[in-house]
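The values are calculated or read from the model by the stated rules, or taken from the named source; none is laboratory data. Keep in mind the model is a prediction, meaning the values are calculated, not measured. Quick reminder, even Gly has a Cβ in these numbers, built from the backbone with ideal geometry, and neighbours come from all protein chains shown. Just the protein is used for accessible areas: all its heavy atoms, side chains included, with ligands, DNA and RNA removed. Shrake-Rupley method; radii C 1.70, N 1.55, O 1.52, S 1.80 Å.
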Amino acid sequence: MDLIVKNGTIVTASDSYVADIGIKDSKVQTIGNLTPDNGSRIIDASEKFVLPGFIDAHVHLSLPFSGTISADSFETGTRAAAAGGVTTVVDFAIQAKGSSLKDAIKSRKAEADGEVFVDYSLHGGITDWNASTRQEISEIIKDGISSFKMFMIYKSEGWLTTDPVLIDALEVTKKLGGMIQVHAESVDLLDSLIAKHHTQEEMEKHGAWLHVITRPNIIEAEAIQRAITWAEYTGGHLFIVHMSTGEGADLVKAARARGVNVIAETGPQYLILNEDVFKGDNGHYFATCPQIKSEADGQRLWAGLRDGSVQTIGTDTCTFNTEQKNMWNGDFTKIPFGLPGTELMMPLLYNDGVRTGKISLNKMVELGSTNPAKVFGMYPQKGSLNIGADADLVVFDPEINLTVDYRKMETNCDWSPFQDKQLQGYPYLTIVRGKVVGKEGKCVGEKGYGKFVKRGFSGNFL
Ligand SMILES: [Zn+2]
């Protein structure tokens, strides 16, 4: 054995028990009461939990957006992952209009390879659905990318999809073992509300609160309803990214009860923060898309996580620092949308979910690791501690107390949405394929160690 993690409480999506994990050649080799042989390294995990590493299946590293580039790169974003117990991240390769999706994937891979500290994969981002894109999909899925994001907003960015395109893409990917992810917001209503409120007078009066005024819950609910309708019509596999509303949770729950193939993701920002963040002096820092909703929405999303109507957690990490955020100059339409997220994904879910009794520790593992692995075709190589799985694991110390401080974190951000929040419980060690890459909140890995994860089919495999 190369490494033995001894005496920890192993926690999977379904079980908790005390045992040792033996790792050989980067895989989980055996679990039991193990006697170390000569040369095996021992990690003492007594009084700690041993979990499969988290998968943050929603990150945007170095994303050109809003006239700037998101501040966490593949390097710093995956340093943050290593520090925070996230062993795989999934970014997006967004097609440029008039170019092939394959080219976007090729260049995104070139950006990531050699830079990443943890494993990574990519979703395709479809912005130009035409005969050749349609043609490419089957080969792209064979090459290990089986999920494709489409945008129901972002007209001026050139990313907007239309209903017939969404329907066709659901049909095509269904036959090939792929899934369509949608950013569900209702573009026409949204753009009309923005146009209505985008006046000097209102901007002076409401500031960043206009982000809330222009995005009532119906914006998300209408788009989710419509996407579900098309998934029901086609039988395609649909994934709702960053779901932020209680209405969304109700719609997904009802659709799943009818047998529609739909999966929904939410994130810590929607569960833990509420729209009051936009009222402060630096309210614009918190602008993300969709925006953070009310306390009641957060509670409904927690309930959805508990009852299975919301199935995964992803952070939608898209970091912008204060200088970038301040480019808004009082105009809510010019705020770079996005928040840092990956590094605190696991500790926030533990602190605000498990410790408060909202979800069990097993549920936390299911939401942050096992379900994203299953849905995106990485299970059981990732998202499990099965014999033969990649030895991606986290030794989690439930007794660590700390105060969130961006200055001590790995993310390349000079503020934190959770600054000064008290947390109990934090990853002590993060291990990717048998190698320690994170220790006590710091990245101790090696740049370029992370590998591209070739995925199988994506879909409603829960
Ligand atoms: Zn996103």
Item to check | Output for the range 126-176, where each listed residue is touching a Leu at 6+ places or on another chain (Cβ under 8 Å), under 21 Å from residue 224 (Cα atoms) and part of a helix (DSSP H, G or I) | outcome: 170
Checklist entry - How many of the residues in the range 63-92 are within 14 Å of the ligand (Cβ to nearest atom) and either among the β-branched types (Val, Ile, Thr) or surrounded by fewer than 24 Cβ atoms within 10 Å (Cβ to Cβ) (or both)? => result 7
Next on the checklist: Could you check the range 93-126 and list, in sequence order, the residues that are within 16 Å of the ligand (Cβ to nearest atom) and open to solvent by 10 Å² or more (accessible area, probe 1.4 Å)?
Outcome noted: 94, 104, 108
Next on the checklist: Can you confirm whether residue 385 is open to solvent by 20 Å² or more (accessible area, probe 1.4 Å) and aliphatic (A, V, I, L, M)?
Outcome noted: no
Checklist entry - Hey, among 372, 398, which residue is touching a strand residue (DSSP E or B) at 6+ places or on another chain (Cβ under 7 Å), over 24 Å from residue 122 (Cα atoms) and outside any loop (DSSP other than H, G, I, E, B)? => result 398
Item to check | Identity of the residue in the range 226-244, farther than 11 Å from residue 262 by Cβ and more than 16 Å from the ligand (Cβ to nearest atom), that ends up surrounded by the most Cβ atoms within 10 Å (Cβ to Cβ) | outcome: 234
Item to check | Qualifying residue in the range 317-335 (condition: at pLDDT 95 or above, under 18 Å from residue 86 (Cα atoms), touching a His at 6+ places or on another chain (Cβ under 7 Å) and buried (at least 23 other Cβ atoms within 10 Å of the Cβ)) | outcome: yes
Checklist outcome for this item: Screening 143, 128, 72, 119 for residues that are acidic (Asp, Glu), touching a Lys or Arg at 6+ places or on another chain (Cβ under 8 Å) and closer than 29 Å to residue 333 by Cβ leaves only 128
Item to check | Subset of the range 162-184 [surrounded by fewer than 24 Cβ atoms within 10 Å (Cβ to Cβ) and within 16 Å of the ligand (Cβ to nearest atom)] | outcome: 183
Checklist entry - If you go through the range 21-48 one residue at a time, how many are in a strand (DSSP E or B) and either farther than 20 Å from residue 85 by Cβ or open to solvent by 40 Å² or more (accessible area, probe 1.4 Å) (or both)? => result 10
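Rundown of residues vs (1) assigned to a loop (DSSP other than H, G, I, E, B); (2) more than 24 Å from residue 375 (Cα to Cα), yes/no style:
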residue	(1), (2)
290	yes, no
298	no, no
305	no, no
315	yes, no
323	no, yes
327	no, yes
333	no, yes
336	yes, yes
Checklist entry - How many residues does the range 324-351 hold that are in contact with a strand residue (DSSP E or B) (Cβ under 9 Å, 6 or more places away or on another chain) and more than 16 Å from the ligand (Cβ to nearest atom)? => result 10
Checklist outcome for this item: Filtering the range 49-62 for residues that are open to solvent by less than 10 Å² (accessible area, probe 1.4 Å) and within 13 Å of the ligand (Cβ to nearest atom) leaves a count of 5
Checklist outcome for this item: Screening 436, 395, 432, 354 for residues that are aliphatic (A, V, I, L, M), closer than 26 Å to residue 70 by Cβ and more than 17 Å from the chain's Cα centre (by Cα) leaves only 432
Checklist entry - Out of all the residues in the range 381-388, is one or more within 20 Å of the chain's Cα centre (by Cα), over 27 Å from residue 253 (Cα atoms) and not hydroxyl-bearing (Ser, Thr, Tyr)? => result yes
Checklist entry - How many residues are farther than 24 Å from residue 315 by Cβ, assigned to a loop (DSSP other than H, G, I, E, B) and not aliphatic (A, V, I, L, M) if we restrict to the range 233-260? => result 4
